[in-house]
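Visitor: Supplied in structure tokens, the structure appears directly below.
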Amino acid sequence: MIVSLKSEELKVGMFIDLSKSWFENPFFKTKFQITSEKQIRSIMKAGIKKVSIDSIKSSVKIEGLKDIKIENDQTPITFDAAALEEERNKLQIIEEEEVEEVIKWEPEKFMDKALIDAVFDKGLPTDTRSKSVYQYSLEMMDNLFKHPEKSNIKATKEGIRQIVDIILTEDAISSNLANIVSLDSQTFTHSVNVGLKSILLAKAMYSDSHGHDMHELGTAFFLHDIGKIDINPAILDKPDKLTDEEMEEIKSHPHKGYKILNDLDLMETDFCIVALHHHEREDGTGYPAGIKGADIHPYARICSISDVFDALTAKRSFKEQKTPIEALTIMKNEMMAHFNIDIMRSFVLLFKQD
Ligand SMILES: [Fe+2]
Ligand SMILES: [Fe+2]
């Protein structure tokens, strides 16, 4: 089906038809699948307000498809000629680079087909599916931290998108996932726990709003510690107390993560900033910048709560593992100055069992 969307509603994966005329768009072709946020920004910068989408050829679901009117092919596409020319010049290089890099999400290369099938089989009991979603997420992030190449980071974004889709659309799975407890403290397990809990929290907080791109946000949460790929593993895995020097190296991971995500152009700054701010604290006692309260991005304030919760509940050789209730109590009684009270309140409600 051909539908018409506003440029700001475009998503990576949509198959678009920009115009009948090559002269009216910044690209060197008129029909193609969007492969990067950069292309979407270029369409918007060029002043194109509406775009035709082929929903059959698109690899992403088009929200509210039933409500969108069928394009009658009469809608004029407005454009700014000077901006188009400028964007086209810039994009010549970008498009050539993108052709070189084939980015595909191929989970079947490193996980069982049965697991992949279980994640998407809506006929399975909720409990089985929830465990499958968790296991799928673990294997996805384990694979990413073992192979943290740029192309794999980009490909994994599609896997995260699928998991976020399930969380957003299937409440029974969401409720179950909130109560799955981590078994270890490895970076990939931690990334899954923080990714899942944070997106559940964002879903609870933003359910009435369309102003947040939950798929991008999910990616930001799952990748909040991606900077750890540039930290010496001996320091990350050290079972004993860290020296001051080792601690300084650990504290460089927010900056490193932000730079990786930003350099990759994986998502907009609002999302990359989760990696940079997730160790900042409401009272200014966090790192790397020691910023306070509203200066910390709201998305990072969500992430920081899940992050601390997982650090408390994960099993580590040098400290006692806390139960979820114990962890929430410690956070409320001893660490509340670190967190935003409203977000913390929503976080506690995630664990409410019906
Ligand atoms: Fe971190
Ligand atoms: Fe973390």
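Visitor: Residue by residue through the range 179-220, note down the ones that are part of a loop (DSSP other than H, G, I, E, B) and in contact with an Asp or Glu (Cβ under 7 Å, 6 or more places away or on another chain).
Guide: Matches in the range 179-220: S182 only.
Visitor: Residue check: is D295 out of contact with any His (no Cβ under 7 Å at 6 or more places or on another chain), farther than 20 Å from V194 by Cβ and charged (D, E, K, R)?
Guide: Answer is yes for this residue.
Visitor: Okay, moving on. Given the condition touching a Leu at 6+ places or on another chain (Cβ under 8 Å), within 16 Å of ligand 1 (Cβ to nearest atom) and open to solvent by 20 Å² or more (accessible area, probe 1.4 Å), answer yes or no: does some residue in the range 274-287 qualify?
Guide: no
Visitor: For the range 266-283, state whether one or more residues are touching a Pro at 6+ places or on another chain (Cβ under 9 Å), within 15 Å of ligand 2 (Cβ to nearest atom) and closer than 26 Å to I103 by Cα.
Guide: yes
Visitor: Still on this model: Do we have I180 as within 25 Å of P324 (Cβ to Cβ) and either open to solvent by less than 60 Å² (accessible area, probe 1.4 Å) or without any contact (Cβ under 8 Å) to a residue 60 or more places away in the chain (or both) here?
Guide: So I180 fits the description; yes.
Visitor: Being of a type in the set (A, V, I, L, M, F, W, C) and closer than 30 Å to L10 by Cα narrows it down to one of A289, A337, A275, A311, so name that one.
Guide: On the way: A289 fails: closer than 30 Å to L10 by Cα; A337 fails: closer than 30 Å to L10 by Cα; A311 fails: closer than 30 Å to L10 by Cα.
Result: A275 is the single residue among A289, A337, A275, A311 that is of a type in the set (A, V, I, L, M, F, W, C) and closer than 30 Å to L10 by Cα.
Visitor: Quick test for you: out of K146, K157, pick the one residue that is crowded, with 19+ Cβ neighbours inside 10 Å and not hydrophobic (A, V, I, L, M, F, W, C).
Guide: On the way: K146 fails: crowded, with 19+ Cβ neighbours inside 10 Å.
Every option except K157 fails the conditions.
Visitor: I'd like to know if the range 295-313 contains one or more residues that are open to solvent by 70 Å² or more (accessible area, probe 1.4 Å), of a type outside the set (V, I, T) and not in a helix (DSSP H, G or I).
Guide: There is no residue in the range 295-313 that is open to solvent by 70 Å² or more (accessible area, probe 1.4 Å), of a type outside the set (V, I, T) and not in a helix (DSSP H, G or I).
Visitor: Same structure again: Report, by residue number, each residue of the range 301-322 that is within 13 Å of ligand 2 (Cβ to nearest atom), closer than 18 Å to S346 by Cα and in contact (Cβ under 8 Å) with a residue 40 or more places away in the chain.
Guide: If the condition is that a residue be within 13 Å of ligand 2 (Cβ to nearest atom), closer than 18 Å to S346 by Cα and in contact (Cβ under 8 Å) with a residue 40 or more places away in the chain, then I302, C303, I305, S306, D307, F309, D310 are the ones that fit.
Visitor: Oh, and also: Among the listed residues I325, I291, I330, which satisfies the condition of being assigned to a loop (DSSP other than H, G, I, E, B) and more than 16 Å from ligand 2 (Cβ to nearest atom)?
Guide: Among I325, I291, I330, only I291 is assigned to a loop (DSSP other than H, G, I, E, B) and more than 16 Å from ligand 2 (Cβ to nearest atom).
Visitor: So which residues in the range 241-265 are of a type in the set (A, V, I, L, M) and either within 15 Å of ligand 2 (Cβ to nearest atom) or part of a helix (DSSP H, G or I) (or both), if there are any at all?
Guide: First pass over the range 241-265, keeping only residues of a type in the set (A, V, I, L, M): 242, 247, 250, 260-261, 264.
Answer for the range 241-265, where residues must be of a type in the set (A, V, I, L, M) and either within 15 Å of ligand 2 (Cβ to nearest atom) or part of a helix (DSSP H, G or I) (or both): M247, I250, I260, L261, L264.
Visitor: Let me ask something else about it. L266 is checked against (1) buried (at least 17 other Cβ atoms within 10 Å of the Cβ); (2) at pLDDT below 95; (3) within 16 Å of ligand 1 (Cβ to nearest atom); (4) of a type outside the set (D, E, K, R) and fails just one. What number does that condition carry?
Guide: (3)
Visitor: Sticking with this structure for a sec: Please go through the range 221-236 and pick out each residue that is within 20 Å of K315 (Cα to Cα) and either in a helix (DSSP H, G or I) or free of Cβ contacts under 8 Å to residues at least 24 places away in the same chain (or both).
Guide: Result: F222, K228, P233, A234, I235, L236.
Visitor: Another question, if that's okay. Please work out if M214 is under 18 Å from L350 (Cα atoms), out of contact with any Leu (no Cβ under 8 Å at 6 or more places or on another chain) and away from ligand 1 (no atom under 15 Å from the Cβ).
Guide: Spelling it out, it is not the case that M214 is under 18 Å from L350 (Cα atoms), out of contact with any Leu (no Cβ under 8 Å at 6 or more places or on another chain) and away from ligand 1 (no atom under 15 Å from the Cβ).
Visitor: When you scan the range 290-321, how many residues do you find that are basic (K, R) and at pLDDT below 90?
Guide: To start, the set of residues in the range 290-321 that are basic (K, R) comprises 292, 301, 315-316, 319.
Checking which are at pLDDT below 90 leaves us with 315-316, 319.
Selection size over the range 290-321: 3.
Visitor: Quick check, is S130 in contact with a strand residue (DSSP E or B) (Cβ under 9 Å, 6 or more places away or on another chain), of a type outside the set (V, I, T) and not assigned by TED's automatic domain parsing to the domain that holds E8?
Guide: Against the criterion (in contact with a strand residue (DSSP E or B) (Cβ under 9 Å, 6 or more places away or on another chain), of a type outside the set (V, I, T) and not assigned by TED's automatic domain parsing to the domain that holds E8), S130 does not qualify.
Visitor: Of all residues in the range 300-325, count the ones that are under 25 Å from L242 (Cα atoms) and more than 16 Å from ligand 1 (Cβ to nearest atom).
Guide: 8
The values are calculated or read from the model by the stated rules, or taken from the named source; none is laboratory data. Quick caveat, the model's predicted, so the values are computed rather than measured. For neighbour counting, all protein chains shown are included, and Cβ atoms are generated from backbone atoms with ideal geometry for every residue, glycine included. Accessible surface is based on the protein model in full, side chains and every heavy atom, while ligands, DNA and RNA are left aside. Shrake-Rupley method; radii C 1.70, N 1.55, O 1.52, S 1.80 Å.
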